[in-house]
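Working notes for the structure below.
Here, each number is a calculation from the coordinates, and none is a lab measurement. Small disclaimer: the values here were computed from a predicted structure and weren't measured. FYI the Cβ positions are ideal-geometry reconstructions off the backbone, even for glycines, and counts take in every protein chain you see.
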């Protein structure tokens, strides 16, 4: 079936590529001396695997996978050749469309001991929800930390902004079938606020951050890619030549309280 997404692992693990597809499989590929070979194949899902994302390299070789069966699986290896898999069943009703990891040290996280840094990722689904998940060391499982509600249709993509160490807040971008891009921000990872970046003319399929986390690329059904940047007065404007008509500051602002 169709391959929906591919993702490169960090170079410290060699030349490793992950792919996910409609055939319910996630496959890892490795290049050795110019030859590509299948490294591992996972069949953890009952339906199409729509999204994959590698965890920050600080956590080792770890991959999150979102599926139309509503589950999210996390596969990892300690480097001895064996793989272990964990699964979050019913992560999203109807299906999970997107997954994105938080930086290894998310802004707002208070920890002087790197070994205590929590693993987190964000997902988007067909239930119109954006969810933040964290790994509970005490329970040895993934738990839902926040449920972020603002979209009125399927969430097509989510992207947690990189955190080079200068920012005082964490930022997540989400886009939806409702034609809106929403920015979620938090300074303490306990309360999330949101603002609508813009409402577009067609469904928005993908959002992607620059390496420094200060420019957001948005693409959708209108066959356009627009670039957005935050101004000094905290307004987001379109800085790309294409679709300058979208150049309007975000207007709607709200908040999502902690989901215990």
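Data for the structure
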item	result
For the chain, built as a Gaussian network whose Cα springs stay under 10 Å, the top-fluctuating residue of 140, 219, 176	140
Stokes-Einstein D for the stretch 84-233, Kirkwood Rh over Cα pairs, 37 °C, 0.692 mPa s (µm²/s)	207 µm²/s
Fewest-first sequence of 53, 238 by Cβ atoms within 10 Å of each Cβ	238, 53
Estimated inter-spin distance, residue 208 and residue 152, nm [label 7 Å along Cα→Cβ]	3.0 nm
Contact order relative to length of the stretch 3-238, as percent, for alpha carbon pairs under 8 angstrom and 6 or more apart	10 percent
Fraction of antiparallel bridges per DSSP, the chain only, in percent to nearest 5	100 percent
Peptide ranges 27-34, 199-206 listed from the most packed, as the mean C-beta count within 10 angstrom indicates	199-206, 27-34
Which of 208, 67 has the fewest Cβ neighbours within 10 Å, and the rest in rising order	208, 67
Cα-based convex hull volume of the stretch 1-96 per residue, rounded to whole Å³	90 Å³
Cα centroid of the stretch 54-69 to Cα centroid of the stretch 1-18, whole Å	11 Å
Relative contact order of the stretch 1-116, defined on C-alpha pairs under 8 angstrom at six or more residues apart (%)	18 percent
